[in-house]
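Presented below is the structure to which this report refers.
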């Protein structure tokens, strides 16, 4: 797969808890800082304190090969308790020209929840690009290895998403706050 193909990864898990409980967890933007291997801290911006369409939040990330960077995410879809989606922008220009334009995201993320029996099917999707990002830089340095670079990043994203989803599952099924 190439960057121009819009590489994405999708993971899902069956959670033995009601949709409302799972929704409470996935819309807590701070929770992934406890579960994700990359996201270190987050904060709402512009006076927001919860996800609403157009709300923004700042994320601080770390990766062993890329170091640390800051992003600004924009909530682009919220359909409680079914869909929570946001796009990530390169506010500081780490990977090219700085942008807060949600139409030029480094990545797009989405949670989808669906009631299934007594529980919830929780799905998370991540799409790389179309804006510049760390994968773009790696491909520019080694264009002959683009497919390998993209596959490696998708594998990393999948591992992080699975860790996050299984953490949400554990918390939801335990029925306690994190």
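Counting only strands (runs of 3 or more DSSP E) that sit completely within the range 9-118, those holding 1 or more residues that are under 17 Å from residue 168 (Cβ atoms) and in contact with a strand residue (DSSP E or B) (Cβ under 7 Å, 6 or more places away or on another chain) correspond to 39-44, 83-89, 107-116. In summary, residue 155 fulfils each of the numbered conditions (1) loosely packed, with under 14 Cβ neighbours inside 10 Å; (2) more than 27 Å from residue 175 (Cα to Cα); (3) at pLDDT below 95 with the single exception of condition (3).
Identify, please: which residue in the range 134-178 is in a loop (DSSP other than H, G, I, E, B) and out of contact with any helix residue (DSSP H, G or I) (no Cβ under 6 Å at 6 or more places or on another chain) and is, among those, nearest to residue 120 (Cα to Cα)?
The selected residue is 175.
If I ask for residues that are in contact (Cβ under 8 Å) with a residue 24 or more places away in the chain and either over 19 Å from the mean Cα position of the chain (by Cα) or buried (at least 20 other Cβ atoms within 10 Å of the Cβ) (or both), which ones from the range 133-149 would you list? Residues satisfying the conditions are 133, 134, 135, 137, 139, 146, 147.
Taken over the range 49-102, the criterion of being in contact (Cβ under 8 Å) with a residue 12 or more places away in the chain and at positive phi is satisfied by 54, 96. Is it the case that residue 165 is buried (at least 17 other Cβ atoms within 10 Å of the Cβ), farther than 21 Å from residue 39 by Cα and at pLDDT 95 or above? So residue 165 does not fit the description; no. All told, residue 172 meets the bar of being crowded, with 17+ Cβ neighbours inside 10 Å and more than 29 Å from residue 100 (Cα to Cα).
The values are calculated or read from the model by the stated rules, or taken from the named source; none is laboratory data. Treat the numbers as computed from the prediction; the structure is a model and nothing was measured. Glycine also receives a Cβ, built like all others from the backbone with ideal geometry; neighbour counts cover every protein chain displayed.
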